[in-house]
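The values are calculated or read from the model by the stated rules, or taken from the named source; none is laboratory data. If you're wondering where the values come from, they're calculated on a predicted model, not measured in any experiment. Backbone-built Cβ (ideal geometry, glycine too); neighbour counts: all protein chains shown.
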């Protein structure tokens, strides 16, 4: 019998206050850890959980093991429950930890973009490889890979029962096993517009006590689409006299946490050129999911005062953890000089 | 982090509507990738065999088979005076008629932890400690405890180390087979 520190579960509970669910801390959520004993099936709820921290199981684990599920209940009417994570702890069942690396430093949920890589690391040091009497379930573990598209949603209400199992693998060595994905494998016609999640679950092998095995750890990475934009109100090569026309900046699939802006500079389109911002042409996406926005800058003529007449480029740029991407641009000729043709005569 | 600071500063200026704020010198800029770019990347990755290969799944999805049941559905909800809490099904040992209406969700009730709920409702709830063997159905509840239920007007909830716990029915050992005469 042994007790199990639940730091992993409680750390996950801490993430509940994050914008994943769009809520803050306080009394909006109540956390529960449910411990189910095997093989008896006795269920116990831990008393009084903080949002973060460590807590030892109050009920010693049976030889058959115990499953710990971390849940939170949101005080809506009716209440809404979220399963944050679960893990199985047993005498002969190995333990495993799944972590996912991306280029995005966002802490709460690993996330990346449809055109970027991610890595899955699975660590274990509890496989009993030197014990010839150890059951098979103590000597290896399975990895299950699921994918699920968010469709037109932002993923907060998906039914994960509908995820697609794409394949399995076996780990039979202690240490870290790494899977490097250069791109997402979530299904989708337009590969730049894929949106969804990929989940990696480590499972114990089925044995007599757990005929289906038990999940040992699981993590998912969110994949968000590549943004795109268009500038309406100015056409390429247009001659603009006197006053800038009203424009619309249509932004699609802005990456969560990204900053997007519209700039102008004198001359032909040049990647990386620094210009002047168009006021009202910027949008910070503070949501934890991709968003669409339409911006309508007005009265932005004075942006061009310093550069004066001539060929100009207007472009939409988004800044993400993956760098700067130009989403759209248009080039136009500006001529605001009033030429006065005539003669001045005096009357005497 | 200088670049980030610069971007933030300039970005703030734009949001504040300061016309003509100059965009900062930044990292390398590129055009956003397209579907065609990604198809080509995926093809290259497949040719170079750098994509992890998993075996096709066989049989039922074990994640679905072992997915935990709903917490709310597998719990009893105790509700009173705008507060609610969850205990495992099987943890309520005794429900007097006078408090039976407090089992189940009431509109607008706010969930609190078991400890907070118990502290606020000790007048009509009692936490009764049980042993591990009793919770697992290895031993019956003591007769003395069961007898108190006859006169107990409070809700009795089984706890182990102060946490609410389900108490399984006592397992009756299989009767030994009698040898044929």
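Restricting to region B:142-175, count the residues that are part of a loop (DSSP other than H, G, I, E, B) and more than 22 Å from residue B:102 (Cβ to Cβ). Residues meeting the conditions: 10.
When residue A:123 is tested against (1) surrounded by fewer than 20 Cβ atoms within 10 Å (Cβ to Cβ); (2) within 30 Å of residue A:191 (Cα to Cα); (3) modelled with pLDDT of 95 or more, just one condition goes unmet, and that condition is (2). Inside region A:59-109, residues that are in contact (Cβ under 8 Å) with a residue 24 or more places away in the chain, in a loop (DSSP other than H, G, I, E, B), closer than 30 Å to residue A:256 by Cβ and touching a strand residue (DSSP E or B) at 6+ places or on another chain (Cβ under 7 Å) make up a count of 6.
Give A:243, A:195 a once-over and let me know the one that is under 20 Å from residue B:32 (Cα atoms) and either surrounded by fewer than 16 Cβ atoms within 10 Å (Cβ to Cβ) or not assigned by TED's automatic domain parsing to the domain that holds residue A:303 (or both). Spell out how you get there, then give the answer.
Details: A:243 fails: under 20 Å from residue B:32 (Cα atoms).
That would be A:195, the only listed residue that is under 20 Å from residue B:32 (Cα atoms) and either surrounded by fewer than 16 Cβ atoms within 10 Å (Cβ to Cβ) or not assigned by TED's automatic domain parsing to the domain that holds residue A:303 (or both).
Residues that are touching a residue at least 60 places away in the same chain (Cβ under 8 Å) and not in a strand (DSSP E or B) were ranked within region A:310-341; the one that is surrounded by the most Cβ atoms within 10 Å (Cβ to Cβ) is A:322.
Kindly establish whether residue A:85 is buried (at least 17 other Cβ atoms within 10 Å of the Cβ) and in the same structural domain as residue A:63 (by TED's automatic domain parsing). Before you say what the answer is, go through the steps one by one.
Working: buried (at least 17 other Cβ atoms within 10 Å of the Cβ): yes; in the same structural domain as residue A:63 (by TED's automatic domain parsing): yes.
Judged against the criteria, residue A:85 is a match.
If you go through region B:80-108 and pick out every residue that is closer than 19 Å to residue A:44 by Cα and surrounded by 18 or more Cβ atoms within 10 Å (Cβ to Cβ), you end up with 10. Per this entry, residue A:268 is counted among residues that are touching a residue at least 60 places away in the same chain (Cβ under 8 Å), surrounded by fewer than 13 Cβ atoms within 10 Å (Cβ to Cβ) and in contact with a strand residue (DSSP E or B) (Cβ under 9 Å, 6 or more places away or on another chain). Condition (residue is at pLDDT 80 or above and surrounded by 19 or more Cβ atoms within 10 Å (Cβ to Cβ)) applied to region A:9-30: is it met by at least one residue? Within region A:9-30, one or more residues are at pLDDT 80 or above and surrounded by 19 or more Cβ atoms within 10 Å (Cβ to Cβ).
Considering each of A:151, A:188, A:167 in turn, give the residue that is outside any strand (DSSP E or B), at the interface with another protein chain (Cβ under 10 Å from one of its Cβ atoms) and within 23 Å of the chain's Cα centre (by Cα).
Numbers: A:151 fails: at the interface with another protein chain (Cβ under 10 Å from one of its Cβ atoms); A:167 fails: outside any strand (DSSP E or B).
Answer to the check: A:188.
Go through A:208, A:261, A:265 for me and flag whichever is modelled with pLDDT under 95 and more than 15 Å from the chain's Cα centre (by Cα). Unique residue meeting the criteria: A:208. Of the residues that sit in region A:273-309 and are facing another protein chain (nearest Cβ under 8 Å), outside any loop (DSSP other than H, G, I, E, B) and buried (at least 19 other Cβ atoms within 10 Å of the Cβ), which one is nearest to the chain's Cα centre (by Cα)? That would be A:277. Scan region B:126-145 for residues that are surrounded by 16 or more Cβ atoms within 10 Å (Cβ to Cβ) and within 14 Å of residue B:163 (Cα to Cα) and jot them down. Within region B:126-145, B:126, B:127, B:128, B:130, B:132, B:135 qualify.
Taking the residues in region A:217-254 that are part of a strand (DSSP E or B) and within 11 Å of chain B (Cβ to nearest Cβ) as candidates, determine which candidate is modelled with the lowest pLDDT.
Step one: list which residues in region A:217-254 are part of a strand (DSSP E or B), which gives A:217-224, A:228-232, A:238-241, A:248-254.
Add one more test, that the residue is within 11 Å of chain B (Cβ to nearest Cβ), and what stays is A:218, A:228-229, A:252-253.
Working: A:218: 90, A:228: 98, A:229: 98, A:252: 98, A:253: 98.
If we take residues in region A:217-254 being part of a strand (DSSP E or B) and within 11 Å of chain B (Cβ to nearest Cβ), then A:218 is modelled with the lowest pLDDT.
From the list A:174, A:133, A:159, the one residue that fits, being surrounded by fewer than 21 Cβ atoms within 10 Å (Cβ to Cβ) and within 14 Å of chain B (Cβ to nearest Cβ), is A:159. Suppose the filter is part of a strand (DSSP E or B), more than 9 Å from chain B (Cβ to nearest Cβ) and touching a strand residue (DSSP E or B) at 6+ places or on another chain (Cβ under 6 Å); does residue A:202 pass it? Spelling it out, residue A:202 is indeed part of a strand (DSSP E or B), more than 9 Å from chain B (Cβ to nearest Cβ) and touching a strand residue (DSSP E or B) at 6+ places or on another chain (Cβ under 6 Å).
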